[in-house]
Amino acid sequence: MLMNYSPTVSHCCNVYHLTPKLSPNFITSFSPSSPCSLPTQQLLSHHIYGHNIIKRKPLRKGLKIVSSKSEPLKVMISGAPASGKGTQCEMIVQKFGVVHISTGDLLRAEVSAGTDIGNKAKEYMNSGRLVPDEIVTAMVTARLSLKDVKEKGWLLDGYPRSSTQAESLEKLNIRPDVYIMLDVPDEILIDRCVGRRIDPLTGRIYHVNNFPPDNDEIKARLVTRSDDTEDKVKSRLQIYKQNAEAVLSTYSGVMNKVDGNRPKEVIFKEIDSLLTRLQIDKDEASISGKLTRNERSLSSSDKKNWRGIPTRLNNIPHSREIRKYFYEDVLQATQRAIRDRKTRLKVEINIPELNPEMDVYRIGTLMELIRNLALSFADDGKRVKVCVQGSMGEGSLAGMPLQLAGTRKILEFMDWGDDGAMGNFVKIGSIGGDEVDDQDDMFILVAPQNAVGNCIIDDLRAMTDAAGDRPVILVNPRLKDLPGSSGIMQTMGRDKRLEYAASFEICYHFRLLYYAGTQYPIMGALRMSHPYAYELYKRVDDESPKKEKYVMLTTFPERPSGDEINDSFEGKSR
């Protein structure tokens, strides 16, 4: 952990170091005996994760040391009866050390201890009535206030179950980092429950088909739970769905649906990846003093009303808040991909202002996105080359795609701040192998695309070959063939071109979904931010006129097909 390293300052070249042994590449680049190329006011702090050196934001107003102790994880998990929620809770607790909090366990403990809350709850339980929300919420909040929970984090199991409970937690500023929903088809859940058998001696659970007992002796003594009949299971499922729907609007922005109809190890692998990434984000937010993505979205009333993603996305021009949301969303996904040592990356975002195939395509918004990416990486000490393709072809075919006309001049005239980033950490170049310099750390390519009868892929391939293992990021590329009058480009070498284009890994994807034949109204949206799953959102009209919100329907481990998206909107099980 970062907190285990003691900082020292090397005054000779104003570079902030940590004392453990540095990698040879770092020593070569920042040797105390070498002349320092950095301005004295641009101190670079360097943190070590394993064997990697990660350059941090230049400190322009003196050295500021931020505590590296991060906030623990806060997780809610929901799942229907027999969804495997208990198994996943055990695995989460074992891996991440969070405190498992179940309202059923809390009720039994309070009743057994004879506390005031327990005695009140006992009166309702003995009379067969539901324990009121205020009593359950009081127990949960009391448990969350204890020292072990504050130190280790918490896993709320099956709570909240109503909108009232969720709103009570919101008022107390108790919010999860993620709301995990295990998604299992009803017919599978019914089969799991109806076929379930319990050994009264050991308490072990079996299934008549999926997990039968080892011998006839155990089989003879197995019993069936009284509520494991098909009618009762269907009733319990209906109650669960009503409860889940009630809290959906509160947590849709942090909800992740996980396919629970898979082996438990496969399910946990997805949950493990999700929680690990959240913990990394929280660790880095603690180090840098920045808010996590969830904290940012909840710190603004406007963003909170978006319910996960912005609304009014068909309106042009987009508001400043919407543009900033996407700039930050793209940046975080790209940063995570680069931390995972991905080097050939692709950003695909087709909100109207950033979709080059729409009439309302606004090059200024694309330039703003590029500037945000470049400056953010420059703040981390990386030397970024922003590349716009130059003229292609000869004679009457010399030129560039219309959408990119004047782009380089726009970039050169933009405001890049007063800190000297442009020219020192950010440079403008073209696409091609000759543009790759030894001092470049990474490359951002502005919407590389083929022109009629001309192909940019040869220049791209030369650039990636020269870049080696340095990251190359394509922002909204259009690498499909645009044949000339002879059709040559459309046929010769097409397979190789498509293979190369597919070698770039998508680190961010956002696509608006429309009903067939129209571009309004919006049907929903598909979002993916590395390394998380593809999230499918449905647009829902709010009660107020001209208001809308987006509710997450499900997630996909891979990019879904059109049929899979349609099935999800129609409520069909995968």
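Side notes on the structure shown:
- Flag for Pro200 being open to solvent by less than 70 Å² (accessible area, probe 1.4 Å) and assigned to a loop (DSSP other than H, G, I, E, B): no
- Flag set for Asn261, criterion: part of a loop (DSSP other than H, G, I, E, B), of a type in the set (S, T, N, Q), touching a residue at least 60 places away in the same chain (Cβ under 8 Å) and under 30 Å from Asp567 (Cβ atoms).
- The range 168-197: number of residues that are touching a Lys or Arg at 6+ places or on another chain (Cβ under 6 Å) and not in a strand (DSSP E or B): 2
- The condition of being at pLDDT below 85 and crowded, with 20+ Cβ neighbours inside 10 Å does not hold for Ala82.
- Conditions (1) under 23 Å from Gly260 (Cα atoms); (2) at pLDDT 80 or above; number of the one not met by Lys572: (2)
- Residue selected from the range 139-165 under the condition in a helix (DSSP H, G or I) and basic (Lys, Arg), by the criterion surrounded by the most Cβ atoms within 10 Å (Cβ to Cβ): Arg143
- Hits in the range 456-471 - residues which are under 17 Å from Asp438 (Cα atoms), surrounded by 15 or more Cβ atoms within 10 Å (Cβ to Cβ) and more than 28 Å from the chain's Cα centre (by Cα): Ala462, Met463, Ala466
- A Cβ distance below 9 Å, combined with a sequence gap of six or more or placement on separate chains, defines the contacts here; from the range 313-331, residues that are free of Cβ contacts under 8 Å to residues at least 40 places away in the same chain and farther than 21 Å from Lys346 by Cβ reach residues that are β-branched (Val, Ile, Thr) and not in a helix (DSSP H, G or I) in the pairs Ile322/Thr311; Ile322/Ile351.
- Unmet requirement for Tyr240, which otherwise passes all of (1) in a helix (DSSP H, G or I); (2) modelled with pLDDT under 80: (2)
- Residue check for Arg511: surrounded by 13 or more Cβ atoms within 10 Å (Cβ to Cβ) and at pLDDT 90 or above: yes
The values are calculated or read from the model by the stated rules, or taken from the named source; none is laboratory data. Here the structure is a predicted model, which means the values were calculated and not measured. Heads up, the Cβs are rebuilt from the backbone with ideal geometry, glycines too, and the neighbour counts pull from every protein chain shown. Note: areas computed on protein heavy atoms with side chains; ligands, DNA, RNA excluded. Shrake-Rupley method; radii C 1.70, N 1.55, O 1.52, S 1.80 Å.
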